[in-house]
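Note sheet for the following structure.
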Amino acid sequence: MKQLWTRSWSLVLPILACGLLAAAWGRELGWLLLSATGVSLMAAVVAGVHHAEVVAHRVGEPFGTLVLALCITVIELGLIGSIMLSNASGASTLARDTLYSTVMVVCNGVVGACLVAGALRHHTLAFRVEGATHALAVLAPLVTLTLILPEFTTTTPGPTYARPQLAFVSVSSLVLYGVFVFAQTVRHRAYFLPPETGAEEEHVAPPSVRVTLTSLGLLLLSLVAVVGLAKLLAPAIEEGVRAMNAPLHVVGLVIALVVLSPESMAAIRAAVNDRMQTSLNLALGSALATIGLTIPAVASISVAMGLPLELGLAPTQMVLLVLTLLLSTITLASGRATVLHGAVHMAVFGAFLVLAFVP
């Protein structure tokens, strides 16, 4: 019965979301239609990640977490790109705000929640230092080049890059992420596999080829629905932020929270089951994919459409970002973590949320 229910909702939700998208496209959204669009967006995200998990289960680790990370990145890029092309106010800083929020949510909120939830049950969580340090070694220069350095360049005014600088950072981001994926899936795949912890795991047979191909098709359908529905909701998100008298960069935080919520639950569930390596692969992999793939994409949109693109962070945000990288290095340095590490990450995440609304 449970399998039948799972199969039913995962098949129906992407189709319903695309149907609502077709019905609402080009129409003015009233409160009823706006609410239905928001619910459909969340449903499409959940369905998309579910089908990505099915594909991931078929291909195995660490390819599975890579599929999930790429799925999240495509959804997030669709949200950012649709709002950028809509010429909404704050569109020039949306990529920066979303990338910064994603890194803070992942490295503090998700990792912290995983450590707290897992350590409360298993006391000490084990993971491979090699895999964690590989991810941090790529994440540190990516966030520095994309979110900190633009504030200090002098060729162009403000927190922006000149075109040659933007081209270099875009290519570097893509190359670094590509090398990381090569190391994760080919050259050093063992670094990203869960260590032997002695915990009993539930082994479920991988889905058949037919089921996998069906999920792949429904995953693509879900992505189309998410991108289209996000474009319809973009004006409403801005109006909601203004109604709360919150800074406009909170839009980026909302996007990050919406997109990362299903993957966050998967990471926490893995940590509770004493699979912290899988949690880290999910969390850090999504942060790396977000920056490594989103920056080249939004840079291309900016240059092709002549749209402004601001990347540099404010000083307060830089401090929190540097603190996050330092804390992540300390937490992941030994390959073992406790509830104390999780509590510290959650405290930094709380500071991030407070300063997002009260800068």
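Points to keep in mind about this one:
- Put a plus charge on the Cβ of each Lys and Arg, a minus charge on the Cβ of each Asp and Glu, and nothing anywhere else: the dipole of the chain about its Cα centre is then about 360 debye.
- Measuring nothing but how far apart in sequence close Cα pairs (under 8 Å, 6+ apart) lie, relative to its length, the chain scores a relative contact order of 38 percent.
- Within a Gaussian network of the chain (alpha carbon springs, distance under 10 Å), most fluctuating of Val12, Val105, Val45: Val12
- The distance between label points at Leu257 and Val272 comes to 2.1 nm (points 7 Å beyond Cα on the Cα→Cβ vector).
Every number in this text was worked out from the coordinates using simple rules, so none of it is lab data. All values reported here derive from a predicted model rather than from experimental measurement. FYI the Cβ positions are ideal-geometry reconstructions off the backbone, even for glycines, and counts take in every protein chain you see.
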